[in-house]
Amino acid sequence: MLPDFPGIKRVLMEQMAHAIQTRAASGSLLNSVKTHRLHEGDRNVVVREDGSRQVISFNSPLSAEVSVSMSEMRKDGPDASIRAVRRAGDALAEAMSKRMMETISEAAESVGNVVAADGKPFSLDLYADGLETMDLSFDASGNWTPPTLLMHPDLAARAHAAFESEPSDSPASQRIKAIISRKLEEHRAREARRTLVD
Amino acid sequence: MQEKLVEHWLTNVNELTYQVPFCEVLVAMGYDVIHVSTHGRGEHGKDIVARNPKGRLQTFQLKGGDITLSEWRSIRGEVEELVQLPVRVPGISESEPHTPFLVTNGEIRGDAIESIVRYRTRWSKDGSPRLRIISRRTLLRHFLNAQGSFMPTELVEFRRFVELFVADFTDRLPREKFAGLLEELVRSMHTNTPRRTQRALAGLSIVAGYIAEQYERASNHIGAAEAWTICACVLLGEVERQSLAAELYKPVLDLVGLALDRNLRALKQEMFAKPHFGEPKFGLADSFVYGARTSITFGWLAADAHRQWQLGNHLADNAKVIRVMKREAGGIMFAGEIDWPSMLLLATYLERVMDSREGEAVLERWVRLILGANQGGQEGLPSPYWTHERVIEWTHGMLPPRDAENFAGHTYTLLSALDMLVRRMRRQYVAHCWPEASRLQQCDFKPDELSAYFQWSVDKGEVTTTISPREASWSKWREGTARIDANQIPKALLRHPEWLAPYLMTYPHRANRTMSALADALFGRRAVELLNVKSVNSSPTMHSTSVTPATDLAKRGAAKRRRSKE
């Protein structure tokens, strides 16, 4: 073999692996979700408040393959590897977002948290229909944390315009305020049930 | 290369620290070890009493280093006792003849040879048995033969062994690496007969001893204790996996237990003698680690007590231990959930030697710690998978950012602590904590195979993440904490509860809810129903056993002789 530097390369590989993970997470929907590392085992079982269980198996991990050609390496040196890291991160980000959407859709379908637009354009009423189906998040002071909306960029532009143009005293706006107020009361009632009973 | 390593080790051991490895060599050779002196020189000069494979009684006195003429003169009296006095061990008749052996890891030098020969001849003429000598060359050959195929030969494993062999023995034992090595070695164990199995287990312990003994030599008592505990746990893992009969593994396990107990005794002796817990090496930096040292030490003190109680031994020094704990309690600092076993064992220890309030105070403190670490957007408490070393390194910026982990909102040990308070009828306190506690996700890991409980890291197993119901029922909780399913606990651990406390201290990430419940049942002496107990091949006791290793060894030897006569 020719002279090598495996000690240095090992450290660099660890750094690049971390960079891929960071780029993948920041480029995907998961960036807004807190993560928790599991150190052992081949599956995670989530047991919900209602006792239902969901098994998440680790036997289909996401992966991305990248390569660096010898000619790239000769021509660009370390930049070749750095570009490969970016490509891997972007590929993983896409795969992670896709997996997340599939998982969320599956979960929503299973509990019936689905609102069919039936081809209608985005509107605040449609948005309000969605809010009706879900538990809303509030902080300790009772301030509402709006849900994250995932949509196509074209639809996002139209949705943004719809939100901006809607008067605050319109029926749709009033409906949303009423929903939030009711959901806050439901939230408070749920939180008040954090008790130890007989 | 292997021979050089073992020879180097043998050259540097002292008579106390090679005692247990030498016993393991005897077991590997087919001996039945009947008695091992655990406190200094054995009675009548006999450190070890054993029967050879033919059933003949042999006695051993161990020495460290070369025996020169002046050394011989100073030890001659003890050797004379070895030769001339009968064996005085329960179960053995004083009239039974024995063959005495003087064993040294050094050489007999100069005029000592002639003097020993003369005295040996005189003693023989007087009717005493003839003294045999085992010096370094023979001893080395015995060790090399006994370790068998257990010295790692594959390059990766051999490198790992060498790294462990030349580590800084004043530092913390790299437990994951050491456990990984022994687990790999035991996987290569090919045994198709009981005799080979016993020999293999003894061989594994000998190789483990090459590392463990060096921590003991460095007076790193907890490092040595952890090493011997890991050795025991790897053995117990095989016991569980293969459902091994006690007669195959217990001689080896008992010897490992002797080594563990010796180190824990030494820990206490050092602790009583010191006015503080400081360590002078790199003294200015000691404040960064003092708190973790205190937590670990408290845990092992409690573990030792629980182990001795499980063995049926009485402890006379609890008052001294409590005095030291009171002096040092202010310096305790918790690294993370890795400290849960320390707190569990400490709580049940204080309950027993002081009163229940003291024990409950420890549990309450633990609950407050976890809840506090998760309030107001804080980072949470590091999981039990983060060792003390890692937490200290992380806290002081010694780890790269990529090693960061998010602990907020999750806990592995809160429910175990609350379970203990529920068993103690602390309803008001639990009710007060519940609103905050129910906001955390409770994590619990169980391996698929019970034998995997004794592995450091497990691929096949289930992490359960529970989102607690907002409303909890006190009566259902009481009912749930009053039962343990024996099918979820390794039978080897139920059969050997004296290993539970050291196991939890050494493998803190194994202190899941079930194991914590078992510990509370055994050490907290809480009334707990053990379900599916018929599947356990021994009496399902939740209370202390009444057999000490030495007594057990003597009784077992007597039983074996009776059977061979029959």
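The values are calculated or read from the model by the stated rules, or taken from the named source; none is laboratory data. Fair warning: this is a prediction, and the values are worked out from it, not measured in the lab. Here Cβ is always computed from backbone atoms with ideal geometry, including for glycine, and neighbour counts include all displayed protein chains.
The table for this structure:
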read-out	value
Odd one out for residue B:411 among (1) under 30 Å from residue A:23 (Cα atoms); (2) surrounded by fewer than 21 Cβ atoms within 10 Å (Cβ to Cβ)	(2)
Candidates A:108, A:189, A:156, filtered to the one that is over 25 Å from residue A:31 (Cβ atoms) and assigned to a helix (DSSP H, G or I)	A:189
Test: residue in the stretch B:11-24 that is closer than 21 Å to residue B:212 by Cβ, more than 22 Å from the chain's Cα centre (by Cα), buried (at least 21 other Cβ atoms within 10 Å of the Cβ) and of a type outside the set (Lys, Arg)	no
Unique match (being in a helix (DSSP H, G or I), out of contact with any Ser or Thr (no Cβ under 7 Å at 6 or more places or on another chain), under 18 Å from residue B:500 (Cβ atoms) and of a type outside the set (D, E, K, R)) among B:309, B:300	B:300
Tally of residues being in a loop (DSSP other than H, G, I, E, B) and over 23 Å from residue B:387 (Cα atoms) across the stretch B:312-361	8
Residue count, the stretch B:478-493 (criterion: more than 14 Å from every other protein chain (Cβ to nearest Cβ) and polar (S, T, N, Q))	2
Some residue of the stretch B:392-399 being closer than 28 Å to residue B:357 by Cα, more than 9 Å from chain A (Cβ to nearest Cβ) and in contact (Cβ under 8 Å) with a residue 60 or more places away in the chain	no
Unmet criterion (only one of (1) part of a helix (DSSP H, G or I); (2) modelled with pLDDT of 90 or more; (3) within 30 Å of residue A:190 (Cβ to Cβ); (4) not β-branched (Val, Ile, Thr)) for residue A:44	(1)
Any hit, the stretch A:50-67, residues being of a type outside the set (Lys, Arg), at pLDDT below 90 and under 25 Å from residue A:146 (Cα atoms)	yes
Counted residues, the stretch B:305-359 - those being acidic (Asp, Glu) and under 30 Å from residue B:393 (Cβ atoms)	3
Selection count, the stretch A:42-58, where residues are facing chain B (nearest Cβ under 8 Å) and touching a residue at least 12 places away in the same chain (Cβ under 8 Å)	3
Total residues in the stretch A:1-53, condition of a type outside the set (Ser, Thr, Tyr) and touching a helix residue (DSSP H, G or I) at 6+ places or on another chain (Cβ under 6 Å)	11
Complete set of residues in the stretch B:403-412 that are within 9 Å of another protein chain (Cβ to nearest Cβ) and among the small types (Gly, Ala, Ser)	B:408, B:409
Number of the exception - residue A:180 against (1) among the β-branched types (Val, Ile, Thr); (2) within 14 Å of chain B (Cβ to nearest Cβ); (3) surrounded by 11 or more Cβ atoms within 10 Å (Cβ to Cβ)	(2)
Failed item in (1) in a loop (DSSP other than H, G, I, E, B); (2) within 34 Å of the chain's Cα centre (by Cα), with residue B:82 passing the rest	(1)
Meets criteria (over 21 Å from the mean Cα position of the chain (by Cα), surrounded by 15 or more Cβ atoms within 10 Å (Cβ to Cβ), within 14 Å of chain B (Cβ to nearest Cβ) and not hydrophobic (A, V, I, L, M, F, W, C)) for residue A:188	no
Enumeration of residues in the stretch B:413-431 that are among the small types (Gly, Ala, Ser) and facing another protein chain (nearest Cβ under 10 Å)	B:431
Some residue of the stretch A:142-151 being over 30 Å from residue B:433 (Cβ atoms) and within 14 Å of chain B (Cβ to nearest Cβ)	no
Failed item, numbered, when residue B:377 is tested on (1) closer than 30 Å to residue A:43 by Cα; (2) surrounded by fewer than 20 Cβ atoms within 10 Å (Cβ to Cβ); (3) more than 14 Å from chain A (Cβ to nearest Cβ)	(3)
Which numbered condition residue B:496 fails, given (1) under 26 Å from residue A:53 (Cα atoms); (2) away from chain A (no Cβ under 11 Å)	(1)
Total residues in the stretch A:22-37, condition facing chain B (nearest Cβ under 9 Å) and free of Cβ contacts under 8 Å to residues at least 12 places away in the same chain	4
Qualifying residue in the stretch B:453-461 (condition: closer than 30 Å to residue B:247 by Cα, hydroxyl-bearing (Ser, Thr, Tyr), part of a loop (DSSP other than H, G, I, E, B) and at the interface with chain A (Cβ under 7 Å from one of its Cβ atoms))	yes
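Every residue, every condition in (1) surrounded by fewer than 18 Cβ atoms within 10 Å (Cβ to Cβ); (2) charged (D, E, K, R), yes or no:
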residue	(1), (2)
B:132	yes, yes
B:147	no, no
B:161	no, no
B:167	no, no
B:182	no, no
B:185	no, no
B:213	no, yes
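Yes or no, residue by residue, for (1) in contact with a Cys (Cβ under 7 Å, 6 or more places away or on another chain); (2) within 7 Å of chain A (Cβ to nearest Cβ); (3) part of a strand (DSSP E or B):
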| position | (1), (2), (3) |
| --- | --- |
| B:433 | no, no, no |
| B:443 | no, no, yes |
| B:446 | no, no, yes |
| B:451 | no, no, no |
| B:463 | yes, yes, yes |
| B:476 | no, no, no |
